[in-house]
1. Output the residues belonging to segment 2-12 that are surrounded by 12 or more Cβ atoms within 10 Å (Cβ to Cβ) and at pLDDT 80 or above.
2. Determine which member of the set 179, 216 is farther than 30 Å from residue 13 by Cβ and either of a type in the set (Phe, Trp, Tyr) or surrounded by 10 or more Cβ atoms within 10 Å (Cβ to Cβ) (or both).
3. Looking at (1) under 16 Å from residue 68 (Cβ atoms); (2) at pLDDT 75 or above, can you tell me which one residue 173 breaks?
4. From 32, 97, which residue is of a type in the set (Lys, Arg), part of a helix (DSSP H, G or I), within 17 Å of residue 122 (Cα to Cα) and out of contact with any Leu (no Cβ under 8 Å at 6 or more places or on another chain)?
5. So which of 58, 86, 15 ends up being of a type in the set (Gly, Ala, Ser), open to solvent by 20 Å² or more (accessible area, probe 1.4 Å) and outside any helix (DSSP H, G or I)?
6. In this structure, does residue 107 turn out to be within 30 Å of the chain's Cα centre (by Cα), open to solvent by less than 30 Å² (accessible area, probe 1.4 Å) and under 28 Å from residue 196 (Cα atoms)?
7. Taking the criterion of being at pLDDT 70 or above and assigned to a helix (DSSP H, G or I), would at least one residue in segment 128-141 satisfy it?
8. Just one of 77, 64 is over 20 Å from residue 164 (Cβ atoms) and open to solvent by 10 Å² or more (accessible area, probe 1.4 Å); which is it?
Amino acid sequence: MRKILENEHIYALISDSFWYIICIFFKDGSPKYAAKREQLLDRIAANFVSFFIDYKSSKEQFIFTYFFDIMAQAVFFSLFFAYPKSRVKFDINLIFKLLQEFSELYNGPKIRHFSLELFKHWSLDLGTGNIIENLRQNKSSVIQEPEVRQHARSTTMQTMRYSQLVERYLKTHKYECFNVIKPWKCRVNDKTEVHRRESQQFSGFVQTAKKILAKNHDANKELNAKIEKEKKELNHTIKECNDHILRLEQHEKDILDERLPEYANYLVSMFNKDLDNIKAITNSQ
């Protein structure tokens, strides 16, 4: 990540994005700065495209997906340290506004709904404690969340093709391939209160499922260990039985080899005795 942030295009992007945010958030979008905003957007678009033309890595798709978040963090921390006397204004609401602005600017779709999960990977311990943890503990804090409708669903049609920066770059440089990708419309539904409750409930289900999976994994591990132990015991018993059978067979063979002459004499004596009995019976007749 450090190598990415040290790229010359990234330096330029952070700088121009910083002043762009100053113009639209802290100068109230004044017409006085309209020309400056357009100039900044042209420069941001040029550096954004140039960065991804030069950047070759297996993580390219990952960087592109979360690029808006990287820029939002960079600009937020720049504001925080550049204007120490205004830090009271640099709160969770500003972070959400930065994410909304940069998600639409760099990626296309705009983040529409507030969630603390959006910032859980941010390092926000800025000398007065982590502002998200403070927000969770101080329930009186006010977050300017987008209006959440109670029941009626609000639908917005959004045209999808390029992000604002890529579209600006292609138009500015008059690329003939601009119309190769045709725009298409996407229907975006705003959350209602019902959806929010369902989302919270689903999050609870996900956590329960993770716990069950972890418990199941432990149970499977324990069961596999028992099966392995029983297999070893069974193999040991089978081996002992086979060895005992071999010993019995060898013992039987030894007995037969040792007593074979004695057994043969015994049979001959029995035959002679029977023969004498037959002769005696014959003579008596």
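The values are calculated or read from the model by the stated rules, or taken from the named source; none is laboratory data. Owing to the predicted nature of the structure, the values given are computational and were not obtained by experimental measurement. No Cβ is skipped: glycine too gets one built from the backbone with ideal geometry, and neighbour counts run over all protein chains shown. Note: accessible area is taken over every heavy atom of the protein model, side chains too, but ligands, DNA and RNA are not part of it. Shrake-Rupley method; radii C 1.70, N 1.55, O 1.52, S 1.80 Å.
1. Listed by number, the residues that qualify are 9, 10, 11, 12.
2. 216
3. Only one criterion in (1) under 16 Å from residue 68 (Cβ atoms); (2) at pLDDT 75 or above is unmet by residue 173, namely (1).
4. 97
5. None of the other options fit; the residue is 58.
6. No: the conditions fail for residue 107.
7. No, the conditions are met nowhere in segment 128-141.
8. Within the list 77, 64, the selection yields 77.
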